[in-house]
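Report on one structure; see the data block that follows.
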Amino acid sequence: MASSTAVVWFRRDLRVADQPTFLAAADAADRALALFVLDPALLGPSGAARTNFLYGCLRELDAALGGNLLVVRGDPAEVVPQVATAAGAGTVHIAADFGPYGLERDERVEKALADAGAELIRTGSPYAVAPGRVEKGEGGPFKVFTPFSRAWADHGWRAPARTSASSCSWVDPSTVDGGPRAVPVPGDEPCDSTLPEPGERAAVQRWSDFLDEGLHDYEGDRDLPAKHDTSGMSPYLKYGCVHPRTLLADLGERRGDSVRAFRTEIAWREFYADVLYRRPDSARRNYDTAFDHLPLRTDSDAYADLDRWTQGRTGFPIVDAGMRQLRAEAWMHNRLRMVVASFLVKDLHLPWWWGARHFMQYLVDGDLASNQHGWQWTAGSGTDASPYFRIFNPITQGERFDPDGDYVRRWVPELADVPGKAVHQPWKLRDGIPEGYPEPMVDHRTERRESLDRYEAVKAARRP
DNA sequence: CCGGCGTTGGC
DNA sequence: CCAACGCCG
């Protein structure tokens, strides 16, 4: 009888909780190989830092899987069949995650595997409820969050797999030999940023700290970037180190505004996954096509302005602080994501997907569904479209959510000596703008007006 | 068909 | 209080 090899394909879900999947496959076959495909199209061109975080997670997984993890960089449609062929006859292929991402790509992989006569078994999804499962009464997709979140809660989800900590023999990833290594990728910028510790054990530790210390004030403080009272779960959720069902189960029957607020954040992740699942094109295009008529700047001046935005040199301290945190930590506080996004879209009149792409290239937790639809929400072109006239004022936002200016001073050293909330309007300082800090690149009042004028084209497109 | 509502606001 | 529109029930 021909020997058989099981190839367990971890598409983007590194969840060690899927070990049972791997072990069962290994049991059934003579040999098991865990395959993780790094798809450059999903990873983005930059981010040695994020690659390191990812590799940290992979090393841990590799240790847990007994050194059988194979990491390949490339297009899954090409890589997976290649590995299948190389692994030999009688191969069983198991894809660990069919989420909403790159549906077309999945179809190509499925076809290639079918052509090779391989068996494809689907396993878990990195969502509490798999996208496409929560439906409106008429069976259609939800377009508004609140009804979705109610239906989602009613629908419920199965209990999480309880494999972590108890059934895994933990190995310090840094001591593992022969595991995957972080390799510099051409075009990567050097990055010595402080990233969270990778892997499931770190995720569980962070989560437990959050339950003990952060959750209590979550509702009140999560919008204050200087306090940093977020759960920090997003990178771990992205790479499947922790499962949302685990988080939801740990919240259990706890009550209170903060618990509800956190559960709602999980629901948002589920909602946007669902939206993208139903409308894969919305990753790159306006969900609301009337916005195709919005006049956008795309000339060389526009690119120059994009550059100032990415560098954190817009002259608006709260915007610049956010953009610099992104570069330094591969992460940005959610409040700042909204502020800098609003600035790009409504003060600079640039395409939202320019900003979304930059975020995906730098964020350690960059999730295609949440990111693109968060941007579309800001742009007004997405689901739950915020009214077009809702334009964030970067000064007001700074004063409201960073009232003491601590967050700005942490990330904008040129302003480190400006006390209190005066830091939000350096152009008003008696001694002028501190050395090295730029003047505001636009006049907010003017550009706000300009945005409202540009939206007239969208309104006109909607008229019958 | 109609009234109410919509994560995150501004002036 | 503004201004505003599609989705929801």
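Values in this text are rule-based calculations from the coordinates and carry no lab data. No experiment lies behind these values; they were computed from the predicted model shown. No Cβ is skipped: glycine too gets one built from the backbone with ideal geometry, and neighbour counts run over all protein chains shown.
Descriptive notes on the structure:
- Peptides ranked, highest mean first, by Cβ atoms within 10 Å: ranges A:195-202, A:271-278, A:300-307: A:271-278, A:195-202, A:300-307
- Whole-Hz ³J(HN,Hα) from phi, Karplus 6.51 cos²θ - 1.76 cosθ + 1.60, for the stretch A:275-282, glycine and proline x: 4, 5, 4, 6, 10, x, 5, 6
- For the stretch A:404-464, the Rg and Dmax computed from alpha carbons only, in angstrom: 17.6, 56
- Proximity of backbone amide H atoms, modeled 1.01 Å from N, is registered between A:Leu35 and A:Val8, A:Trp9, A:Phe10, A:Leu70 at under 5 Å, excluding neighbours fewer than 5 places apart on the same chain.
- Ranked packing of A:434-440, A:204-210, A:405-411, A:368-374, most packed first, by mean Cβ within 10 Å: A:368-374, A:405-411, A:204-210, A:434-440
- Tail weight of P(r) past 23 Å, computed on alpha-carbon pairs of the stretch A:289-462, percent: 38 percent
- The listed peptides A:286-294, A:444-452, ordered by packing as a protection proxy, come out as A:286-294, A:444-452 (highest mean of other Cβ atoms within 10 Å first).
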